[in-house]
1. Relative to the longest principal axis of the chain, what angle (0 to 90°, nearest 10) does the C-alpha long axis of helix 310-320 take?
2. If r is the Cβ-Cβ distance from Ser72 to Thr282 and R0 is 35 Å, what FRET efficiency results, to the nearest 0.05?
3. With a 1.4 Å probe and all protein chains left in place, how much accessible area per residue does the chain have, in Å²?
4. Going by Cα centres, region 121-186 and region 1-53 are how many Å apart?
5. Express the carbon and sulfur contribution to the solvent-accessible surface of region 87-242 as a percent, rounded to the nearest whole number, probe 1.4 angstrom.
6. On the protein heavy atoms, probe 1.4 angstrom, tell me the percent of accessible surface of region 281-358 carried by carbon and sulfur.
7. By how many nm would the segment from Arg52 to Met380 grow when fully extended, if each residue of separation counts as 0.36 nm and the alpha-carbon distance is taken off?
8. Considering only C-alpha atoms, what is the centroid distance from region 251-311 to region 58-97, in Å?
Amino acid sequence: MQCEVTAVRVPAVLMRGGTSRGLFFHARDLPADHALREAFILASYGSPDAARRQVDGVGGATSSTSKVAVISDGSEQGVDVLYEFGQVAIDRPLIDRRGNCGNLSSGVGPFAVDEGLVAATDPVTRVRLLNVNTGKVIVAHVPTRDGRFDPTGDYALPGVPGTGSRIRLDYVDPGGAVTGSVLPTGNPVDDLTVPGLGTIPVSVVDAANPLLFVQWEALGLNGTEPPDEIDSHPELLRRLEAVRAHGAVLAGIADTPEKATAETPSVPKLTLVGTSRDYLTTDGSVQKGSGTTVRAAMMSMGRVHRSYALTGGIATAVAAAIPGTLVADAAAQAETWGDEDECRIGHPAGVLPLRADVRREGGTWRVASVTAYRTARRLMEGRVLVPGQWLKNRSTMIVG
């Protein structure tokens, strides 16, 4: 980190990973002091912004485009790189690190290769990364050419325009990433009582990230609603957050619903799920229910995710393989599954296919691995500038 009288300048790379985007920093370049580091990252994104525009920073004013990755050497832990993920709140001074982002994770391998942290072995370079948020290892198979990440290819990812090279991600033993158990409550389904709403069935599954599954119909929805329709109803959003917050208490993630809303807005992620059905995707095309296993949509930081978080997809595919969960019940009614029991999640932008190796061992569920595919691209590199006086003033505002 280079400090001057008027500004703090930190090297950074802006990357797209899957359907997410964020700044990638080397840990060595950020302030060592926790409060100053948090203040710097928040100011970089233009947070907090009560108007939710992040106009005074590089944030994109959505949860998918307000994420950060901090990278460091992982040799002492037996991996290539350590990767810390942060969900940067838009309208408050908070960076939530309770879980991981699978989409942004797909940018870590390419970043590591291009930054010289891992030597390239063309045409595919294997990068082992440890997500320090969850303590879980991800193996990225990164397409490379001439010693650098090769972003060009013909793989199309719903929610991202155009095509790119296909990055294979193997999530090794992702179960219990945040709570320590694939089924945090010990049950495939529980009754959750929410004041003002009543008692509804829910499933809590933790694999890569914890998800709280609720049936569309339990909240008065039909499962064909586009994201904008849900986001435009404040009262519905309030009910959804109330369910998520009470679910966080059920899962042991928060002590009270109030703390869940204030301190852990990114986990668990509330996910609406149901049987396959026809619906319109965000680009206006018709997604036939016959091409999906389940129909689902995730909430992310209080709004509907415009596609589907990859860690959420992992938890969904795992839930589909565990009898008795709401996801498995919905999947059992699907006309067909994908090749080799591939779970095909119908989400707002299209279809996310995932393959999960889920086993029953010693009375508990174990997830050996989940395989997914993403694309990524290096968008910009340079330095992020923040007025030095801001850090002194804003470091006292940090939550957590």
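The values are calculated or read from the model by the stated rules, or taken from the named source; none is laboratory data. Please read these numbers as outputs of a predicted model, since none were measured by experiment. Note that each Cβ is placed from the backbone with ideal geometry, even for glycine, and that neighbours are counted across all protein chains shown. In case anyone asks, the SASA skips ligands and DNA or RNA and just uses the protein heavy atoms, side chains included. Shrake-Rupley method; radii C 1.70, N 1.55, O 1.52, S 1.80 Å.
1. Approximately 20 degrees, to the nearest ten.
2. Details: r = 36 Å, r/R0 = 1.02.
According to the calculation, E is roughly 0.45.
3. Details: 15790 Å² over 400 residues.
That works out to 39 Å² per residue.
4. Result: 23 Å between the Cα centres.
5. Working: 2930 of 5960 Å².
Here carbon and sulfur together make up 49 percent of the probe-accessible area.
6. Working: 1140 of 2650 Å².
The value for region 281-358 is 43 percent carbon and sulfur by accessible area.
7. Values: separation 328, 0.36 × 328 = 118.08 nm, distance 2.33 nm.
Length difference between fully extended and current span is 115.8 nm.
8. Here the two parts' Cα centres lie 20 Å apart.
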